[in-house]
């Protein structure tokens, strides 16, 4: 696989993604990203794979790289927000500041 050209890697990545084999897709995207340093789509799709695997920290990192490579791209911002939401929801119910509790000083009761 290391000898594959970027076009072939993208084809294999797409196949792995369609089979929901996100771990393989991430490896292939990483190999392609090493060869195509300026391709923001590789980082965006790898971010999406990390999201689908529930790895918010990796998804956020890749979305950030994608956003730096293609400034103002809405997809990069969406992926970044999705990763942040995944990380927040993974923290569990202890995040009382996200949703006001009943009887808090903010209520008008």
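Among residues belonging to the stretch 62-74 that are farther than 9 Å from residue 40 by Cβ and in contact with a helix residue (DSSP H, G or I) (Cβ under 8 Å, 6 or more places away or on another chain), point out the one that is surrounded by the most Cβ atoms within 10 Å (Cβ to Cβ). Per the stated criteria, the residue is 62. Could we say that residue 18 is out of contact with any helix residue (DSSP H, G or I) (no Cβ under 8 Å at 6 or more places or on another chain) and within 20 Å of residue 75 (Cβ to Cβ) here? Against the criterion (out of contact with any helix residue (DSSP H, G or I) (no Cβ under 8 Å at 6 or more places or on another chain) and within 20 Å of residue 75 (Cβ to Cβ)), residue 18 qualifies. For the stretch 7-20, which positions are outside any helix (DSSP H, G or I) and either touching a residue at least 12 places away in the same chain (Cβ under 8 Å) or surrounded by 12 or more Cβ atoms within 10 Å (Cβ to Cβ) (or both)? Answer for the stretch 7-20, where residues must be outside any helix (DSSP H, G or I) and either touching a residue at least 12 places away in the same chain (Cβ under 8 Å) or surrounded by 12 or more Cβ atoms within 10 Å (Cβ to Cβ) (or both): just 20. Annotation: of all residues in the stretch 21-55 being buried (at least 16 other Cβ atoms within 10 Å of the Cβ) and not in a helix (DSSP H, G or I), the one that is modelled with the highest pLDDT is 55. Of all residues in the stretch 64-74, at least one satisfies being more than 19 Å from residue 33 (Cα to Cα), free of Cβ contacts under 8 Å to residues at least 24 places away in the same chain and over 8 Å from the mean Cα position of the chain (by Cα). Does the stretch 3-15 contain any residue that is at pLDDT 90 or above and either on the phi > 0 side of the Ramachandran plot or within 17 Å of the chain's Cα centre (by Cα) (or both)? There is no residue in the stretch 3-15 that is at pLDDT 90 or above and either on the phi > 0 side of the Ramachandran plot or within 17 Å of the chain's Cα centre (by Cα) (or both).
The values are calculated or read from the model by the stated rules, or taken from the named source; none is laboratory data. Because the structure is predicted, anything quoted here is derived from the model rather than measured. Here the Cβ is made from the backbone with ideal geometry for all residues, glycine too, and neighbour counts use every protein chain on show.
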